[in-house]
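Undergrad: If you scroll down you'll find the structure; I have some questions about it.
The values are calculated or read from the model by the stated rules, or taken from the named source; none is laboratory data. For clarity, every value in this text was computed on a predicted model and none was experimentally measured. Note that we place each Cβ from the backbone using ideal geometry, even for glycine, and neighbour counts take in every protein chain shown. Note: areas computed on protein heavy atoms with side chains; ligands, DNA, RNA excluded. Shrake-Rupley method; radii C 1.70, N 1.55, O 1.52, S 1.80 Å.
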Amino acid sequence: MYMSKKKIISIILLFLAILVIILSSSLLALSSTNKKNITTAGISGDSSFIIINPGILEAISNDSAITINAGPNDTVQIAYGNFKDASGYFADDTTYTTITGWQSKEIWQTQTILAAKQAPALPLDIFASDMFDVITTSKESANFDLNSLENFTNNSTLIIARKGSSAPINISIEWTNFTPGTISIFGFILGFILLLGAGLGFFISPSKSRHTKNIEKKPLVQHISHKVKKFNTPENIEYDISKINNEIINNGSAEKENSESSYKKLNNKLKTRFNVNKNEKRVENKMKNEKSNKSKNAKKDKRKRVSSKGYAHMKILIFICLGCFTITLSSCSGQIPPIEQGTSQLEPDITIEQQQKIFSDILSTIQDCENRTDSIKLQSRLYGPAYKIRSAQLIEKNYLNKMPDSAQIPQMTDQIVISNNHGWPRTNAIITKPTPDMQSQRLLFITQAQARINYKLWGLVRIFSNITLPKFNSALDGSQTILPDDQTLQKTPNQVLSDYALFLEKSLDGKNEQTSAGQFSVDPFVQQLTTITTAVQQGVKQNEGSQKQTFSPDANNIQSIRTSDGGALIMGQIDSYWQRSAGGNRLSKPASDEESAIFGNAQASQSISVHYINVVAIYVPVKNSTEQTIQVIGAERMPVEAKPE
């Protein structure tokens, strides 16, 4: 293959460019240094809380060290968590300062957020919050390394709290940035210049046409015909080409080494056969000159076309080289690193590890209260219907000297569902394994009502046997907490709870007419209530008495979590009142051990009224769904009050 000198030089430059860039890359690690920088900020004593803006700690190296110096009698507390949680935690009633970025390499840029209210509505203690992980607590000063923090992302923040005097707080962060060596920088520059020169020579030099004398690449017929036209006559003379071709074909089987001798013989025949006179030769020479001029002009035009393409390719190469050069130098620069903004996508409010710790703390509190038969401490980790039912179970334990079997909560979890709401309230769900004695799984709703209130167990139900639970998003993605009046479902959670309360009442009366409650099928909870009511009815009848149960939903006690198919799993409280009366002068007494424990030492009378709390979990499909129906998946029931009337 024929190559021009320019292309050969371009290839040499290309190899040199690659070699120089490789050597420069090797020298980069040897000649470069990590320069340490110390950036400080002085926070006035008006701010007892400091938040470092998300992205700052993500931008600097993981081996950065942070030092906090406070007053001589101050206590420094440091924790970390999600930035949106920290902002919601302080809300608008606390003055705090945020470190927003770099003013220079030596000074942080800060912003103080003034409190809109005079005093916090709830006490502030970041160490007691479920949302934040504690780093350290120390007197006067504290220091730690960032590489000791786990699961720290560009949405995470450091929270620094100072307790004590109003002296200023000084924060110093030692971080490193990459500074390349001078030799490696010049090496990269030289390499890109050589690369640019190689591309310039390669694209601009025109490619020469294939060599016409290469007889291996052309058939012998075409080669000889070309020689005949070039050597002997002008184009207006007719030759007996067919005869020549026949001779060539006859000689075509000859080997390659004999082709040149065959050509000479044929050429001598042509000279003998066509005796061209001098005038004809002059004509021939004239035509050859004209052909030569045309050929030169054609080559010049071709060179122009190739050159224009070469210049276009050269421009592209120049831009590529400049872009690579800019990226290389910017990556090697020692400037202040950029601060990335946190993602706007929904993400879980807490990690799986945090939820497991919360669940463990809840179970520990329940067990502690059970051992001491003390319901006061339950309020730190239980509220809503869960608190009312567990308090009643502790009363039953005190009465019977044992907790009811239904009160067991397995420690092993089968699935964890975590909310991804930006605001509050937030509701997480836990589905446990079966109990050691093979009772059914438990479904727990754990809710955080406000930023400064820890997660608490809000509701618990026993899941029905042989039930198919709905699917939720992964705990790494999070699930949405929805409101009681959500319109994306077949029915709003409020309406579903109201319809099911009506269904329970009609079922026990034997008058389940075709109303809005008629869409529910008889579930294990309804069967249990029917069995108990039927048994009590026999005694009521013997005493010539009567009984009645009414059910009403509690609109203030309902929680809902979005399922992966767009539906929702709702859990709500339904209050029921069971009134029983005896005929004549007979007395109405509690109908079970549970009612007896709650009734206590009260004096029985002709009538008794028992207040039950019923907690139910219901799956509601997404609106316009034709494949799914509303389904009750679990329930819990406990008397919380019994009194004579």
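Undergrad: Just one of the numbered conditions (1) outside any helix (DSSP H, G or I); (2) open to solvent by less than 60 Å² (accessible area, probe 1.4 Å) is not true of E505; which one?
TA: (1)
Undergrad: Could you check the stretch 130-157 and list, in sequence order, the residues that are touching a helix residue (DSSP H, G or I) at 6+ places or on another chain (Cβ under 7 Å), of a type outside the set (V, I, T) and modelled with pLDDT of 80 or more?
TA: Answer for the stretch 130-157, where residues must be touching a helix residue (DSSP H, G or I) at 6+ places or on another chain (Cβ under 7 Å), of a type outside the set (V, I, T) and modelled with pLDDT of 80 or more: D130, M131, F132.
Undergrad: I'm told E353 meets every condition in (1) within 29 Å of V610 (Cβ to Cβ); (2) in a helix (DSSP H, G or I); (3) charged (D, E, K, R) except one. Can you identify the failing condition by its number?
TA: Failed condition: (1).
The rows are residues; the columns are (1) modelled with pLDDT of 80 or more; (2) open to solvent by 90 Å² or more (accessible area, probe 1.4 Å); (3) in a loop (DSSP other than H, G, I, E, B).
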residue: L329; (1), (2), (3): no, no, no
residue: E340; (1), (2), (3): no, yes, yes
residue: S344; (1), (2), (3): no, yes, yes
residue: I358; (1), (2), (3): yes, no, no
residue: A386; (1), (2), (3): yes, no, no
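Undergrad: Right, something else. Got a number for residues in the stretch 499-547 being at pLDDT below 90 and of a type in the set (S, T, Y)?
TA: Matching residues across the stretch 499-547 total 3.
Undergrad: Here's a check for you: in the stretch 88-119, which residue that is surrounded by 14 or more Cβ atoms within 10 Å (Cβ to Cβ) and of a type in the set (A, V, I, L, M) is nearest to T157 (Cα to Cα)?
TA: I99
Undergrad: List the number of the failed condition for N73; all other conditions in (1) under 25 Å from D361 (Cα atoms); (2) open to solvent by 70 Å² or more (accessible area, probe 1.4 Å) hold.
TA: Here N73 clears every test but (1).
Undergrad: Still on this structure: Considering only residues that are of a type in the set (S, T, Y) and within 15 Å of A635 (Cα to Cα), look in the stretch 433-467 and name the one that is surrounded by the fewest Cβ atoms within 10 Å (Cβ to Cβ). Break it down stepwise before answering.
TA: Going residue by residue through the stretch 433-467, those that are of a type in the set (S, T, Y) are 435, 440, 447, 455, 465.
From what is left, the residues that are within 15 Å of A635 (Cα to Cα) are 440, 465.
Details: S440: 18, S465: 10.
Only one residue fits best here, namely S465.
Undergrad: What pairs come up if the first residue lies in the stretch 523-546 and is open to solvent by 30 Å² or more (accessible area, probe 1.4 Å), the second is polar (S, T, N, Q) and in a helix (DSSP H, G or I), and their beta carbons are under 9 Å apart, counting only those six or more places apart or on different chains?
TA: T530/S507
Undergrad: I've got another one for you. I'd like to know if the stretch 394-415 contains one or more residues that are under 17 Å from S560 (Cβ atoms), in contact with a helix residue (DSSP H, G or I) (Cβ under 9 Å, 6 or more places away or on another chain), in contact (Cβ under 8 Å) with a residue 24 or more places away in the chain and of a type outside the set (V, I, T).
TA: no
Undergrad: Looking only at the stretch 547-591, count every residue that is among the basic types (K, R), open to solvent by 60 Å² or more (accessible area, probe 1.4 Å) and within 25 Å of D499 (Cα to Cα) and tell me the total.
TA: Going residue by residue through the stretch 547-591, those that are among the basic types (K, R) are 548, 562, 580, 586, 589.
Then drop every residue that is not open to solvent by 60 Å² or more (accessible area, probe 1.4 Å), which leaves 548, 586, 589.
Then keep just the ones that are within 25 Å of D499 (Cα to Cα); that gives 548.
Going through the stretch 547-591 one residue at a time, the tally reaches 1.
Undergrad: Further question on the same structure: Quick one: would you say F472 is part of a strand (DSSP E or B), under 19 Å from I561 (Cβ atoms), of a type in the set (F, W, Y) and in contact (Cβ under 8 Å) with a residue 40 or more places away in the chain?
TA: It is false that F472 is part of a strand (DSSP E or B), under 19 Å from I561 (Cβ atoms), of a type in the set (F, W, Y) and in contact (Cβ under 8 Å) with a residue 40 or more places away in the chain.
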